[in-house]
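Read the structure below first, then the notes.
Where a number appears in this text, it was derived from the coordinates with a stated rule and is not lab data. Please read these numbers as outputs of a predicted model, since none were measured by experiment. Cβ coordinates were reconstructed from backbone atoms using ideal geometry, including for glycine residues, and neighbour counts include every protein chain displayed.
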C-alpha cells in the first residue's frame, strides 16, 4: 500500500498523559499536513511541513502540541498533558507542492482517533 | 469571518435530483481550489479540482467565481451513493504571500433518498 499511513488508528489515554502519533506520507510528496477533525466539522488545520521545514503552525494550537518531520519523511505529532478537549480524529495528509502557492491533490491517511478519558 | 464557509445542510434530495452547493472564501489571492468528499467515519478524498474555466467530470460540475469569491459544485442525476459530506478546500494566504496551507470548510452534508 503506497498511500498515507497513520499509526495508531485508535488511542485511548487518560487526561494528563502524553501521546504521539506517526504519519508516513506518500514517498515522493514534499508537503505534509496535520489536521484535527471533530464530529460535524471540517478538518481544522494544525500545521504543515515542506520537506523537513515546519512552515506554519495554527495559532489555535497550544504549546502542548508539537510536530516534527525529521529528514522530510515521516512525521510525528505529540500532544503533552492531554485534555478531554483534545479528543478528536487527527488526520495526516501529504501532497506534492509544485510552487509556493499551488497544490496538487492532498491524500489523507485514515486518521488516528484519540479519546481522552 | 471564517476563511472558507459552507452551508452545513443537510440537503435531502430524491434520487435523480440536481443539487448545488456553494462555498465562499475570504482570501482573494487563493490559487488552488478543490472539492473533497468525505464518507461517514472515513478520510476525505479528492472529488475534483476547481479551475477558473470551470470543469466537469461526469455528473459533477465545479465552477469558480473569482470576482465573488465563491466556488460551486453541481451534482446532476444524484445517486444514493452520492450521500456524503462535501468539503470545499482553498489554499491560504499569509500576509501578502500565498502559502501551501489548505483550508477546509465545515462541509455540506448531502443525503440522497430513494
Exercise. Just the number, please: percent antiparallel of the DSSP beta bridges in chain A, rounded to the nearest 5.
Key: 90 percent
Quiz item: Want the number for residue B:41 to residue B:53: 0.36 nm per residue separation, take away the alpha-carbon distance, what's left?
Solution: 1.0 nm
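Is region B:1-54 best put as rounded, prolate or oblate by its Cα gyration tensor, with a ≥ b ≥ c the root eigenvalues, rounded for a/c under 1.5, and otherwise prolate when a/b is larger than b/c, oblate when not?
On the way: a/c = 1.57, a/b = 1.54, b/c = 1.02.
Note, shape of region B:1-54 comes out prolate.
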Quiz item: Which of B:39, B:57, B:82 moves the most in a Gaussian network model of chain B with Cα springs under 10 Å?
Solution: B:57
Quiz prompt | Distance between modelled label sites at residue B:20 and residue A:52, nm, 7 Å Cα→Cβ extension | solution = 5.0 nm
Quiz item: For A:39, A:114, what ranking results if the residue with the fewest other Cβ atoms within 10 Å of its Cβ goes first?
Solution: A:39, A:114
Quiz item: Taking neighbour Cβ counts within 10 Å as the exposure measure, how do A:29, A:10 sort from fewest upward?
Solution: A:10, A:29
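Determine, for B:85, A:38, the number of other Cβ atoms within 10 Å of each Cβ, and report the residues in order from fewest to most. Spell out each step's value before the answer.
Numbers: B:85 22, A:38 12.
Taking fewest neighbouring Cβ atoms as first place, the list is A:38, B:85.
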Quiz item: In whole Å and largest first, what semi-axes does the C-alpha gyration tensor of chain A yield when each eigenvalue is scaled by 5 and square-rooted?
Solution: 23, 14, 13
Exercise. Would you mind estimating how fast chain B diffuses translationally, via Stokes-Einstein at 25 °C and 0.890 mPa s with the Kirkwood radius over Cα pairs, in µm²/s?
Key: 172 µm²/s
